[in-house]
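Just so it is clear, none of the values below were taken in a lab; they were calculated from the coordinates. Not measured: the values here are computed from a predicted model. Note that each Cβ is placed from the backbone with ideal geometry, even for glycine, and that neighbours are counted across all protein chains shown.
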Amino acid sequence: MVTLSSDSRPIIGRGPPLGASFFFLALLSVIIMVVDHRGGYLETASGWLRMATQPFYAVVDAPSQAWNWLTNSFADRGDLRRDNQRLNEQLRTARVKLLRFDALIEENQRLRAIREASQGISERTLIAEIIKVDVDPFRHRVRIDKGSEDGVFKDQPVLDAFGIVGQVTRVDRYGAEIILISDAAHAVPVQINRNGIRSIAVGLGDVGKMSLPYLTVEADAKVGDLLVSSGLDGIFPSGYPVARITKVERDPAETFAVVEAKPLAQLDRIREVLLLWQRSPSATVPAVNDSAPTAVEKGKEKERPNASVPAPTSIPAQPSTRPAAAPSAAPAATPPPTEPAPTTAPANTPSRPAQ
């Protein structure tokens, strides 16, 4: 029979006291930290300890990683479809905005080019937008959004950043119609910029082609010559680019050469045009006073001494039937040699020099 012995001593009182153990461990920790801080001797030991504990971290984190993988792999198909649809809408909206920004950039560049090209041409300019194009292939006409309310008038010149576009043919209150220089019914007087030869450029119904039918075979015209407006029609400003010669054919048996040119204005691509108000030639010419006497009249007045003497306001003019010889003898007695006739004489009495 086995008998169990019991120890009546308390468990807390067994072994070294707790205060001494705490003090010893704290002192050891401080010594280790000081040594590691100054010499870095425990860096290798720390690395080995981290490597030893890494498998434990992996095991502990494995359930969480497995759950995340399962939830991501078996996500709801409807949520994925809604997310995909939302992202596609955002992408479509962003693309539309980007295209609009590109259009605004191009429009800004065109407006800047038109404004720079119009410097020094006229005192006033106005940019108008093309809102309608004539669908008739034989009529090159467009409609703009500016009318008589904005000061647009008939036969007003229209330009773009590259050359002459045409002129206004009809105007209403809120719009106007423009005939392009390529229209078969339009002609513009031009001159070759290289030598100043004048001619007329006629539209052919083709936005990329014009004709100069009145250049003779002896005319000095070459391919590549620049045609500018001569300004002789009183509509287009002088010296503004119109076209560039692309074809010159001469037949000695013919009187006129076959000359074709390409308009410089972008007639088939323009969206904005420039309306011009030219400087008035009369602004620089001083006004003439019709009532002022001319030099000849002044000379005649010097020959007539009494011309500068006004008629008396107290004596009315006598009718033309009154004889003029009656009062003529009275002032002839004692007037000075250089004195003019007395101012009291009637207005219709002719002046007589002193005897």
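Here the dipole of the stretch 111-248 is about 180 debye; that uses its Cα centre as origin and unit charges on the Cβ of Lys and Arg (positive) and Asp and Glu (negative).
If you take the beta carbon distance between Ala26 and Gln65 as r and set R0 to 51 Å, what does 1/(1 + (r/R0)^6) give as a FRET efficiency, to the nearest 0.05?
Numbers: r = 39 Å, r/R0 = 0.76.
FRET efficiency, Ala26 to Gln65: 0.85.
Diffusion coefficient (Stokes-Einstein, Kirkwood radius over C-alpha pairs, 25 °C, 0.890 mPa s) for the stretch 124-279: 156 µm²/s, rounded to a whole number.
In terms of other Cβ atoms within 10 Å, His37, His140, His186 run from fewest to most in the order His37, His186, His140.
Take each of the peptides 27-34, 239-246, 253-260, average the number of other beta-carbon atoms within 10 Å over its residues, and list them starting from the highest. Don't skip to the end; give the middle numbers.
Numbers: 27-34: 10.4, 239-246: 19.2, 253-260: 14.6.
Most protected by this proxy first, the peptides run 239-246, 253-260, 27-34.
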